[in-house]
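K.L.:
Dropping a structure here in C-alpha cells format, bear with me for questions.
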Amino acid sequence: MKIKGLIFDLDGVLVSTEKNHFTAWKKTAERLECDFTELDNEQLKGISRVDSLKKIIALTGTNVSPVEFDELLIFKNEIYLESIRELGPADALPGVVELLQQAKAHDIKLGVGSSSKNANAILELLQIKDLFDAIIDGNGVSAPKPDPEVFLNAARDMGLSAAECIVFEDAESGIMAAKAGGFKVIATGNPHVAELAHAYVETLIDFNLSIYEESF
Ligand code: B16
Ligand code: MG
C-alpha cells in the first residue's frame, strides 16, 4: 500500500518531555501523600491530563473534591509548563527534522495526534509546527487515547484514510488508539511497547519509508 501520510504522537516521539510530565506528576502526587514512581508513570504515557490525575488518585485510595481536582490539574500543568519553557529546536528527538523534511520532499502529508493540550505551544518551541498539514491535540477530541479519534481526525484533516497513513507512537494507549482506528503503527523510543505495534524503531533515524511500503 502506498503510504501518503505520517502521523506523529508528540511526547516521546517528536520530543522527549515524558520526564517533565513525570516530575510534574510526582510533585502533584506528593500533595496527595502518594509516592509516585517511574513505573506508575508508565501507565500515564499518552493518556490525557484528567485521566492521568484520576489514575494517581486511584493509587492513593482516597477521594478529592471536584474543586481540589481542578486545582491539582492546574498545579501539575504550571510545573510542567515552567519545566519546558526553554525547549528549542535542538530538543526535537534524533531523526525527527530529517524525516519531516524528507517526507515533505516526497509530497507525503504530515500530521500530529497528541493527547497534550500543550501540543501547539511545544511544536512552536521546536520550530516544526509549520511543517504539519494537520495538528490534532487534546483540545480537538471528545474521547482521548486509547480512543482512535485523535488519529482519525488527523487523517481526515490530511484528506487521507487510515489505511494510507502510518502512526508513530511511544505509549500503549496510543498504539491501541491507532490500531483501533485501522492504522499501521510503528512504536519508537520505548522498547516496553515494541511488541504491541506492527514494527519498532529505536529512533526515527532508523525509519525508512520504502521498506515499510513493501511490508505493510
Ligand atoms: P498535557 P502524547 C500526552 O502526550 C503525554 O504522553 C501524557 O503524559 C500527558 O499526560 C498527555 O499528553 C496530556 O498532556 O497535560 O500537556 O495536556 O504522548 O499523546 O503526545
Ligand atoms: Mg507519547
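K.L.:
So, in region 164-191, of the ones that are within 29 Å of Lys55 (Cα to Cα) and acidic (Asp, Glu), which residue ends up most open to solvent (accessible area, probe 1.4 Å)? Full working, then the answer.
P.N.:
Going residue by residue through region 164-191, those that are within 29 Å of Lys55 (Cα to Cα) are 167-191.
Of the ones still in play, those that are also acidic (Asp, Glu) are 169-170, 172.
Values: Glu169: 0, Asp170: 7, Glu172: 105 Å².
Top of the filtered list is Glu172.
K.L.:
Which residues, taken from region 82-122, are surrounded by fewer than 14 Cβ atoms within 10 Å (Cβ to Cβ) and among the aliphatic types (A, V, I, L, M)?
P.N.:
Once the filter is applied, which keeps residues that are surrounded by fewer than 14 Cβ atoms within 10 Å (Cβ to Cβ) and among the aliphatic types (A, V, I, L, M), region 82-122 yields Ala90, Ala105.
K.L.:
More than 20 Å from Ser116 (Cβ to Cβ), out of contact with any helix residue (DSSP H, G or I) (no Cβ under 7 Å at 6 or more places or on another chain), surrounded by fewer than 23 Cβ atoms within 10 Å (Cβ to Cβ) and at pLDDT below 95, is that true of Glu214?
P.N.:
When the stated conditions are applied, Glu214 passes them.
K.L.:
Could you tell me whether region 27-45 includes any residue that is surrounded by 21 or more Cβ atoms within 10 Å (Cβ to Cβ) and of a type in the set (Ser, Thr, Tyr)?
P.N.:
yes
K.L.:
When you scan region 101-120, how many residues do you find that are without any contact (Cβ under 8 Å) to a residue 40 or more places away in the chain and aliphatic (A, V, I, L, M)?
P.N.:
Matching residues across region 101-120 total 1.
K.L.:
Shifting gears a bit: Identify the residue in region 147-200 that is polar (S, T, N, Q) and under 13 Å from the mean Cα position of the chain (by Cα) and, among all such residues, is farthest from Val15 (Cα to Cα). Talk me through it step by step, then tell me what you get.
P.N.:
First, pick out the residues of region 147-200 that are polar (S, T, N, Q): 153, 161, 173, 188, 190.
In the following step, the residues that additionally are under 13 Å from the mean Cα position of the chain (by Cα) were identified as 173, 188, 190.
Numbers: Ser173: 18, Thr188: 12, Asn190: 13 Å.
The qualifying residue farthest from Val15 (Cα to Cα) is Ser173.
K.L.:
Are there any pairs with C-beta distances below 6 angstrom linking a residue in region 75-86 that is more than 18 Å from Glu30 (Cα to Cα) to a residue that is within 16 Å of ligand 2 (Cβ to nearest atom) and part of a helix (DSSP H, G or I), with the two at least 6 apart or on different chains, and if so which?
P.N.:
Within 6 Å, the pairs are Ile84/Asn20.
K.L.:
For residues that are without any contact (Cβ under 8 Å) to a residue 12 or more places away in the chain and farther than 15 Å from Val96 by Cα, scanning just region 122-146, find the one that is nearest to the chain's Cα centre (by Cα).
P.N.:
Ala143
K.L.:
Taking the stated definitions as given, is Ala194 surrounded by fewer than 21 Cβ atoms within 10 Å (Cβ to Cβ), in a helix (DSSP H, G or I) and small (Gly, Ala, Ser)? Outline the logic, then answer.
P.N.:
On the way: surrounded by fewer than 21 Cβ atoms within 10 Å (Cβ to Cβ): yes; in a helix (DSSP H, G or I): yes; small (Gly, Ala, Ser): yes.
When the stated conditions are applied, Ala194 passes them.
The values are calculated or read from the model by the stated rules, or taken from the named source; none is laboratory data. Remember, it's a predicted structure, so these values are computed and weren't measured experimentally. For neighbour counting, all protein chains shown are included, and Cβ atoms are generated from backbone atoms with ideal geometry for every residue, glycine included. The accessibility values were calculated without ligands, DNA or RNA, using every heavy atom of the protein model including side chains. Shrake-Rupley method; radii C 1.70, N 1.55, O 1.52, S 1.80 Å.
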